[in-house]
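Below is one structure, written out as structure tokens; the observations come after it.
The values are calculated or read from the model by the stated rules, or taken from the named source; none is laboratory data. No experiment lies behind these values; they were computed from the predicted model shown. Cβ: placed from backbone, ideal geometry, glycine included. Neighbour counts: every protein chain shown. For accessibility, only protein heavy atoms count, side chains too; no ligands or nucleic acids. Shrake-Rupley method; radii C 1.70, N 1.55, O 1.52, S 1.80 Å.
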Amino acid sequence: MDFQKLADLYEELEHTSSGNKMREILAEFFKKVPEDDIAVISYLTLGQITSDYEGVVLGMAEKSVLKAIGKAAGTDESRVKKTMQELGDAGLTAEKLLQKKPQTLVPVGKLTVKELFEKLHKITDTTGTGSQEEKINILVNLLQKASPKGAKYIIRITLGTLRMGAGDMTVLDALAMAYTGDKKNKEVLEKAYNICPDVGIISETLAKKGLKAIEKIDVHVGRPIKMMLAQRVESLAEVAEKIPGRWGVEAKYDGERMQVHKSKDKISIFSRRMENITAQFPDVVKYLQEHVSGKEYVIEGEILAIDKDGKPLHFQVLMQRKRKTDIEEYVKKVPVQLKLFDLLYYNGKSFLHESYETRTNQLAKMVNVGKHITLADRIMTDDPREVEKFFQKMLKEKQEGIMIKSMDSEYQAGTRGWNWIKWKKEYHTETTDTFDLVIVGAFYGKGKRSGTYGALLCACYNDKDDTFETVTKLGTGLTDEMLEELPKKLKRHLVDHKPARVIISDIKPEVWFEPAVVVEVLAAEITKSPSHALGLALRFPRFIKLREDKKAEQATTSKEIKQMYKDK
Ligand code: AMP
């Protein structure tokens, strides 16, 4: 397919402020896409060239990109800089300067989607001496082949700022509409996506082999599975209602979730966002090799920083291990322990549909417990008094709380169901609760906060409609450092219009952001409020921390907040 067609689609999407309209436009477009191009187009529409978990980043700096624009347009750097200052966006700069192109042998408008995709991959694969120059030359060639409008979007993709407003779920919705004619089939796609979170594979399988083949998508070692999540209850007494029968009650650790994949001799570790974080933890790879048996497996646990006696340390200590440099130094500085609690795959067999009891029994057989690798603390009971006792014990040990799991439940990938229930110390005090919310807008600061944002407009995720509904305006709890860091973090997501999937009511921010950055917020109360899209508002919100381990779609859902309001 000609890239120009995709550029026309992007332009249409850019001017769409409704999520439903966006899905319809995408679906109509998908119907016309040749089946060999659908995977590439699915990735590109999300501003990516692979799935998140492959960790391919188009690492071109703005400076190099501007250089390429100058070269392609046959103009000097000072004019590029001036235009960039005027327009404030490298994409618009390219569009303007490439209106008049120098005569070249390259035919204009003959860039296919496939060629663009391959060349973008080539840009990321080019490393070593002279690579910057080579990357620039590849980009120059692409810009020369594209129309000015096409160039605008190529630049944005290269910089990672496409911000079309679509997320993975939007693409799945549109795929269901385009290929099955029924939006309801999104559920089938989503189920497969939870086991294979890769829109490229899903779209190509659907286009080439149909819905039946989608239903057969299974675990593939080395490709992350969306993690199972827990519900919350208002009181421990509710647990018996929600989970009849016996429970596996585990400590809820305040560390980072890890999903480990082992195939033959390769170990890969994925985070909750499904990013490959193996390089950050060479020590954990070694412990796994030494302490966990099995040719092939997928297991899960929580990683914690520990002191020299093996006692858990605060989450912030572990965060020091989130780095790209000085890794070996920090392996020594911040020792860790992996607390394993689940098994999803073992030696050629998926365990997703096995019971919790079967999965954890098999896991226990595989682990040779040591200081850096162990099984999660756990009791098995059906007595609420035992649960309360275990909870108190865990609080004394400075854990976050407990997880209560149904003994006979399957592993429900990507689902926050009632088979796992979390119970945290915040719930115990009954006055406060924490929420993970997405920043969708901001208000400029005044006085002490002038020059930065004074307050943030935050939203929860409506997982049924794939929208972000505003629920609170957050200003309290932001430290000076955070106020300085936030604009830098948010800059990449800045847009000049309301993103299509964001829903607001009366409260409208001064600046908009594509939903991407998640913050943990403590709030004292949920009240009815017409000012926010949810129809409810969090009162007295206080910023706790950034949740860099969560994607926008992993925020607290609208349904959860509504349920909590009903229960109060
Ligand atoms: P939350 O983020 O509050 O929804 O809680 C879910 C998170 O708790 C998971 O993603 C894990 O990182 C963490 N967690 C800690 N201990 C456990 C456990 N024993 N079982 C499952 N998840 C756990």
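Starting from 0.36 nm per residue, how many nanometres of slack lie between ILE379 and LYS559 once their C-alpha separation is accounted for? Can you show the working numbers first?
Numbers: separation 180, 0.36 × 180 = 64.80 nm, distance 3.04 nm.
Extra length available between ILE379 and LYS559 comes to 61.8 nm.
In summary, the convex hull built on the alpha carbon positions of the range 285-387 has an orientation-averaged projected area of 8.4 nm².
In the chain, helices alone account for a calculated mean residue ellipticity at 222 nm of -11500 deg cm²/dmol, with every DSSP H run of four or more residues adding -39,500 (n - 2.57). Amide H to amide H, with H built 1.01 Å from N, THR112 comes under 5 Å of PHE3, counting only residues 5 or more places away or on other chains.
Could you give the size of the charge dipole of the chain about its Cα centre, using +1 on the Cβ of each K and R and -1 on the Cβ of each D and E, expressed in debye and rounded to the nearest 20? Walk me through the numbers on the way to the answer.
Numbers: 93 positive and 85 negative charges, 175 e Å.
For the chain, the charge dipole is close to 840 debye.
Taking every Cα-Cα distance in the range 229-429 and sorting them into 5 Å bins from zero, the calculated P(r) comes out as 1, 7, 16, 20, 19, 17, 11, 6, 2, 0 percent.
Stretched out fully, how many nm does the piece from LYS209 to LYS393 gain, at 0.36 nm a residue minus the Cα gap?
Working: separation 184, 0.36 × 184 = 66.24 nm, distance 5.27 nm.
Going from the current span to full extension adds 61.0 nm.
At a probe radius of 1.4 angstrom, the accessible area of the chain per residue rounds to 45 square angstrom. With semi-axes defined as the square roots of five times the eigenvalues of the C-alpha gyration tensor, the equivalent ellipsoid of the range 71-189 measures 32, 17, 15 Å, largest first.
Applying the criteria of a DSSP loop state and at most 14 other Cβ atoms within 10 Å to the GluC sites (Glu not before Pro) of the range 1-83 yields GLU35. On the beta carbon distance between LYS63 and LYS114, with R0 = 35 Å, the FRET formula returns roughly 0.75.
At 10 °C and 1.306 mPa s, grab the translational diffusion coefficient of the range 433-566 from Stokes-Einstein with a Kirkwood Rh over Cα pairs, rounded to a whole number in µm² per second. Answer from the Stokes-Einstein relation: 110 µm²/s. FRET efficiency for the pair GLU234 and SER355, taken as 1/(1 + (r/R0)^6) with r the Cβ-Cβ distance and R0 = 25 Å, rounds to 0.40.
Amide H to amide H distances under 5 Å link TYR453 with GLY445, where only residues 5 or more positions off or on other chains count and H is placed in the peptide plane.
Considering only protein heavy atoms and a 1.4 Å probe, what is the carbon-and-sulfur percentage of the accessible area of the chain? Don't skip to the answer; put the middle values down first.
On the way: 12470 of 25290 Å².
That fraction is 49 percent.
Determine, from the Cβ-Cβ distance of SER531 and THR124 and an R0 of 51 Å, the FRET efficiency 1/(1 + (r/R0)^6), rounded to the nearest 0.05. Computed FRET efficiency for SER531 and THR124 comes out at 0.70. How many percent of Cα pairs in the chain exceed 39 Å? In whole percent, the long-distance tail amounts to 31.
Given C-alpha coordinates of the range 3-159, what is the ratio Rg to Rh with the Kirkwood estimate of Rh? List each step's numbers first, then the result.
Working: Rg = 15.6 Å, Rh = 16.2 Å.
We get a ratio of 0.96 for the range 3-159.
Determine the gain in length on full extension of the stretch ASP2-ASN20; use 0.36 nm per residue of separation and subtract their C-alpha separation, reporting nm with one decimal.
Numbers: separation 18, 0.36 × 18 = 6.48 nm, distance 2.59 nm.
Value of the extension gain: 3.9 nm.
As a ratio to 2.2 N^0.38 Å, the alpha-carbon radius of gyration computed for the range 364-435 takes the value 1.27. For the range 315-383, the list of trypsin sites (Lys or Arg not before Pro) that fall in a loop by DSSP and count at most 16 other C-beta atoms within 10 angstrom reads LYS322, ARG323, LYS324, LYS371.
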